[in-house]
1. Tell me which lysines have Cα within less than 25 Å of Lys152's Cα, excluding those fewer than 8 residues away on the same chain?
2. Please compute the contact order of the chain in relative form: average sequence separation of alpha-carbon pairs under 8 Å and at least six residues apart, divided by the residue count, as a percent.
3. With an 8 Å cut-off on Cα pairs and a minimum separation of 6 or more residues, tell me the relative contact order of the stretch 2-86 in percent.
4. Which is the longest part of the chain that has none of the GluC sites (Glu not before Pro) sitting in a DSSP loop with at most 12 other Cβ atoms within 10 Å?
5. With runs of 4+ DSSP H residues as the only contributors, calculate the mean residue ellipticity of the chain at 222 nm using -39,500 (n - 2.57) per run, divided by the residue total and rounded to the nearest 500.
6. Taking the number of other C-beta atoms within 10 Å as the exposure measure, put Val180, Val229 in order starting with the fewest.
7. Between (i) 54, 48, 35; (ii) 75, 43, 33; (iii) 105, 40, 34, which matches Cα extents along the principal axes in Å calculated for the structure shown?
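Every read-out reported here was derived from the displayed coordinates using simple, explicitly stated rules and does not represent laboratory data. Nothing here was measured: the structure is a model prediction, and the numbers come from that model. Cβ sites come from the backbone with ideal geometry, for glycine too, and all protein chains shown count toward neighbours.
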Amino acid sequence: MPILNALLVFDEAGRQNSFTVAGRNLGMAQPSVSRFIANLENHLGSALFERQHNRLRLTARGERLHRAVASGLEEIRTACAEVESSSEPPLLTIECTHGFAYMWLLPRMQSLMKLLPGWRLRTINTDGGSPISSDEADLVVRIGDGQWVDRKSLLLFEEEVFPLCAADFMQQHGLMHKQVSPTELIELPLICEDFGDRGWMGWIDWFAHFGVNFEFPDDLRPLYNYALVLQAAMEGRGLALAWEQLAEPHLSNGWLTEVPGLRVKTNLGYYLCFSPTNPIGELLTRWLETMSAEVDY
């Protein structure tokens, strides 16, 4: 409808009280603005502007129409902006540690995205352990017993911890062909991710499981990153604690070797947690059922 274009021109002319300035802002010549206004006045059968001593001002009816047009156009602009922003692909945000993202999530990313075609995926990486500080995440990886009042949870894997090292380190320290006792490991270089305050099992709890009292040496410095822990172990710098699901490529490729007979299974697990009001639970269940055959290391 031609009148809609005229209303856009009328709105700008009413804001500026000048056909010349309105034309400049709209990218058209002043005579074109005048024609739009004249056609609108003819359509409505009422004058919208009056000139007083070479100055342009709205008539009473023009002011009434301008308030309505300005309000309507502003509402249309707001609605367009909302529609434009909502047309972005949906976003799925997962919060987990750096090590979990690198060792567990990344190899399974392709299978997850198959269930979410067109979605964007973002990870919030933190090495803070079980306490979750962010409210931005749709999914949060937690370590615990799976009983959280604020979240539903799906078990990813149970916590089962064991020491591993490079094959050369194992041979050098005589760990290859005998049953190793936990006490023997105290005398060997240990690689520490943290001091056992992050929610997952650390060296102190691991030794305690075997009835061995252990204290960290004063010169031992945590790396605070699981990927760096595995890298240090690969370089032969010592023994590290690991989880099979978080060290699979290193074990299967022979980059690291498990010290046999020293696995500890806790009563905790790694869980994928989400809000009870989030409908993503059914999709996640399907993902966990199908992804085991699609892991891409």
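1. Leaving aside lysines fewer than 8 places away in the same chain, those within reach of Lys152 are Lys114, Lys265.
2. Numbers: 415 pairs, mean separation 65.2, N = 297.
Computed value for the chain: 22 percent relative contact order.
3. Working: 67 pairs, mean separation 20.8, N = 85.
Value for the stretch 2-86: 24 percent.
4. Details: sites that count: Glu136, Glu187, Glu215, Glu235.
For GluC sites (Glu not before Pro) (loop position, at most 12 other Cβ atoms within 10 Å), the longest site-free span of the chain is 1-135.
5. Numbers: 11 runs with 113 residues, N = 297.
That calculation yields -11500 deg cm²/dmol at 222 nm.
6. On the way: Val180 18, Val229 23.
Ordered by Cβ neighbours within 10 Å, fewest first: Val180, Val229.
7. From the options (i) 54, 48, 35; (ii) 75, 43, 33; (iii) 105, 40, 34, the structure gives (iii).
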